[in-house]
Amino acid sequence: MGWTIVDQKAVKTLPDGVRIPEIAAQTLLFHNMKEFANLASFLPEIFAEEKNNW
């Protein structure tokens, strides 16, 4: 959070002195854990079906 990639290099996008609240990072972490668990329930099957169709 607060960084991006430009020309394969990390670039800070957050202005100096500005902070992202800790709760924002925690909320994103919990969301990602739930989302990855959800994706894990069906992506392996889709990959097995579609792996030769790229």
State whether one or more residues within the range 37-45 are under 17 Å from the mean Cα position of the chain (by Cα), surrounded by fewer than 10 Cβ atoms within 10 Å (Cβ to Cβ) and modelled with pLDDT of 95 or more. yes
Please work out which one of (1) at pLDDT 95 or above; (2) outside any helix (DSSP H, G or I) is the condition N32 fails and give its number. (2)
List every residue pair whose Cβ atoms lie under 8 Å apart, where the two residues are 6 or more positions apart in sequence or sit on different chains, the first residue falls within the range 1-27 and is of a type in the set (D, E, K, R), and the second residue, located anywhere, is surrounded by 10 or more Cβ atoms within 10 Å (Cβ to Cβ) and assigned to a loop (DSSP other than H, G, I, E, B). K12/G2
Within the range 1-28, the residues that are exposed (fewer than 10 other Cβ atoms within 10 Å of the Cβ) and in a helix (DSSP H, G or I) are E22, I23
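The values are calculated or read from the model by the stated rules, or taken from the named source; none is laboratory data. Predicted, not measured: the structure shown is a model, and the values here were computed from it. Positions of Cβ are backbone-derived with ideal geometry, glycine not excepted, and every protein chain shown enters the neighbour counts.
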